[in-house]
Amino acid sequence: MEKTLLITKLTWNQKEYLATALYHEKKLLEVSLEPQDKQSILHNIYVGRVKNIVKNLNAAFIEIAPGVSCYYDLDELKNPLYVKKINSPRMVQGDEVLVQVVRESSKGKPPKVSTNLNFSGKYLVLTSESNTLCISRKLDMETKKRLKESLEFIREANLGFIVRTNAAQATVEDIKDEYCRLRQEYLKLRETAIHRTVFSCLKKQLPEYLHILRDMKKGQLDSIVTDDAEILGQIRQYLDQFPQQEYILKFYEDPMISLNKVYSLDTRLCEALRERVWLKSGGYLIIQPTEALTVIDVNSGKSVAKKKAQEHSRINI
C-alpha cells in the first residue's frame, strides 16, 4: 500500500497556503497548512536583548526584533550564551543573549523563548544547556541498552543529546555522521554569534514539509509528489544528506488539472473541518473549538447493529 507525501500551494478561504499532506492510497491521513503571507518564527534562533525583568513573575521579556518582546522563564536559566553581558552575575536589562523561540504568540500571549538551544536531526537532537545523553522513551529497553552502548562516543562532546526513535533503525555510522554535523553547526553558530548585531536571526528552521519528511520513520513513506520546482530542488538538496532514504521523488507537470484536484485535497479539507464527522462504524463526532479547549462529543448515530447496549460506548474511531 503506497504512502505519498503531497506538497503543493493551495488557496483556502481566500488565503494562500503551502499544503503538506500524507496520503495512503489516495486516502488523506494528515495535512499541514503553512500561511504564505506570514513567516513562522517557531524554533528560530536570535540574538535577543533583555528588555526588562519582572520579579513577581520571575521572568524576563526579551526582544528578538524591534517591538517583538518574548516571555522567558527565569527558572529555566542554566547556562545561557551571552553575546553582550552587563557586569552582573544575574540576567539583567540590556544583556544580549542567544534565544530560541519555543512557542509562537497566541491569543494575546507573547512568544516564548528559551536559552536552551536545540538543533534537531533525523536521529539526534543537540541541546546546549545539558551534557547528558537521553534516549527516547518510546523505545524498548533492549533497544535503549544497545543504543546507549554503541553511542558512548557522544558523551565526549560535553553537550546534551537526545536520541530519537528513528535512531533505532539507523546504523551507528549514520548517527555518528549526524552527530558530527549537529555539533559543527552548534559550534559555528557560537563562533559567529559574537560578531552579529542584536536582533540578528542566526538560524531559521526548516519549512514544515521538510520537518515532516525528516521525522518520517523508515518504511512510512514511498513517494513524494510536488508541482513546485523550487520545492523540488529543496527536497533534493535535503535528501542528499540521507542517501540511505529511498524515496521516489516525482514532479507533477500536467497543465490540464492541478495536483490539488488530482488528490481532491480541498474536498478532503472541507470534510475534515466540518463540525460533524461521520465514522465508519455509523457513529459520529461533534467537534466544537472554544477559546479554552476543543470539545469532542462521541455519538452512536447510525451504529445500531450491536446487540448489547454496552457495545455502543466503544465506537471504532
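What does the charge count near Leu10 come to, summing +1 for each Lys or Arg and -1 for each Asp or Glu among other residues with Cβ under 14 Å from its Cβ?
Working: positive: Lys9, Lys15, Lys261, Arg268; negative: Glu16, Glu34, Asp37, Glu208, Asp227, Asp228, Asp266.
Overall, the nearby charge balance is -3.
Dividing the Cα radius of gyration of the stretch 85-138 by 2.2 N^0.38 Å, with N the residue count, gives 1.50. Could you tell me what a quarter of the Cα convex hull surface of the stretch 53-115 works out to, in nm² with one decimal place? About 4.5 nm², averaged over all directions. If you bin all the Cα-Cα distances of the stretch 1-73 at 5 Å, starting from zero, the percentages per bin are 3, 13, 15, 12, 11, 10, 11, 10, 8, 4, 2, 0.
Taking every Cα-Cα distance in the stretch 183-231 and sorting them into 5 Å bins from zero, the calculated P(r) comes out as 4, 14, 17, 16, 14, 13, 12, 8, 3 percent. Measuring r between the beta carbons of Lys109 and Lys250 and using R0 = 45 Å, the FRET efficiency lands at 0.65.
Heavy-atom surface analysis with a 1.4 Å probe gives the stretch 1-97 a carbon and sulfur content of 47 percent of its accessible area. Extension gain for Val277-Val125 works out to 51.0 nm (0.36 nm per residue, less the C-alpha to C-alpha distance). Heavy-atom accessible surface of the chain, averaged per residue, reaches 61 Å², computed with a 1.4 Å probe. Under the combined filter of DSSP loop state and at most 12 neighbouring Cβ atoms within 10 Å, the stretch 92-131 retains none of its GluC sites (Glu not before Pro). Taking the average, over residues, of other Cβ atoms within 10 Å as the packing measure, peptides 290-301, 208-219 rank 208-219, 290-301 from highest down. Divided by 2.2 N^0.38 Å, where N counts the residues, the Cα radius of gyration of the stretch 66-178 comes to 1.31.
Projected area of the stretch 138-276, taken from the Cα convex hull and averaged over every viewing direction, in nm²?
The number I arrive at for the stretch 138-276 is 13.5 nm².
Binning the C-alpha pair distances of the stretch 1-146 at 10 Å intervals from 0 yields a P(r) profile of 10, 27, 26, 23, 12, 2, 0 %, listed from the shortest bin outward. Pairs of lysine residues in the stretch 167-274 that meet both criteria, 8 or more places apart or on different chains and Cα atoms under 25 Å apart, total 11.
As a test of the formula, what do you get for the chain when each DSSP H run with n ≥ 4 contributes -39,500 (n - 2.57) and the sum is divided by the residue count, at 222 nm and rounded to the nearest 500 deg cm²/dmol? Write out the running numbers ahead of the final one.
Details: 6 runs with 63 residues, N = 317.
The helix-only estimate for the chain comes to -6000 deg cm²/dmol at 222 nm.
Cα centroid distance between the stretch 118-152 and the stretch 9-75, in Å? Answer, in whole Å: 26.
Let me check I've understood the local charge: for Ser40, count other residues with C-beta under 11 angstrom from its C-beta, Lys and Arg +1, Asp and Glu -1. What total comes out?
On the way: positive: Lys38, Lys204; negative: Glu34, Glu104, Glu208.
Summing Lys/Arg as +1 and Asp/Glu as -1 gives -1.
Would you mind putting 52-65, 163-176 in packing order, based on average other-beta-carbon counts within 10 Å, highest first?
Working: 52-65: 15.6, 163-176: 17.9.
Per-residue mean Cβ counts within 10 Å order the peptides as 163-176, 52-65.
How high is the FRET efficiency from Glu25 to Ile296, r the C-beta distance, R0 30 Å, rounded to 0.05? Intermediate results must be reported in sequence, preceding the final value.
Numbers: r = 27 Å, r/R0 = 0.89.
Computed FRET efficiency for Glu25 and Ile296: 0.65.
Please give the FRET efficiency for Lys78 paired with Thr171, using the beta carbon to beta carbon distance and R0 = 41 Å, rounded to the nearest 0.05. Efficiency for this residue pair is about 0.80. Spin-label model, Glu191 to Lys138: label points 7 Å out along the Cα-to-beta-carbon direction sit 3.4 nm apart. Based on alpha carbons, the Rg and Dmax found for the chain are 23.3, 76 Å.
Heavy atoms only, probe 1.4 Å: what % of the accessible area of the stretch 209-274 goes to carbon and sulfur, would you let me know? Present the calculation step by step, with values, prior to reporting the outcome.
Details: 1900 of 3860 Å².
The nonpolar share, carbon plus sulfur, comes to 49 percent.
Counted residue by residue at 0.36 nm each, then reduced by the alpha carbon distance between them, the extension gain from Ser32 to Trp12 reaches 6.0 nm.
The values are calculated or read from the model by the stated rules, or taken from the named source; none is laboratory data. Everything numeric in this text was worked out from a predicted model, so none of it was measured. We place every Cβ from the backbone using ideal geometry, glycine too, and count neighbours over all the protein chains shown. Remember, those area values only see protein heavy atoms, side chains included, never the ligands or the DNA or RNA. Shrake-Rupley method; radii C 1.70, N 1.55, O 1.52, S 1.80 Å.
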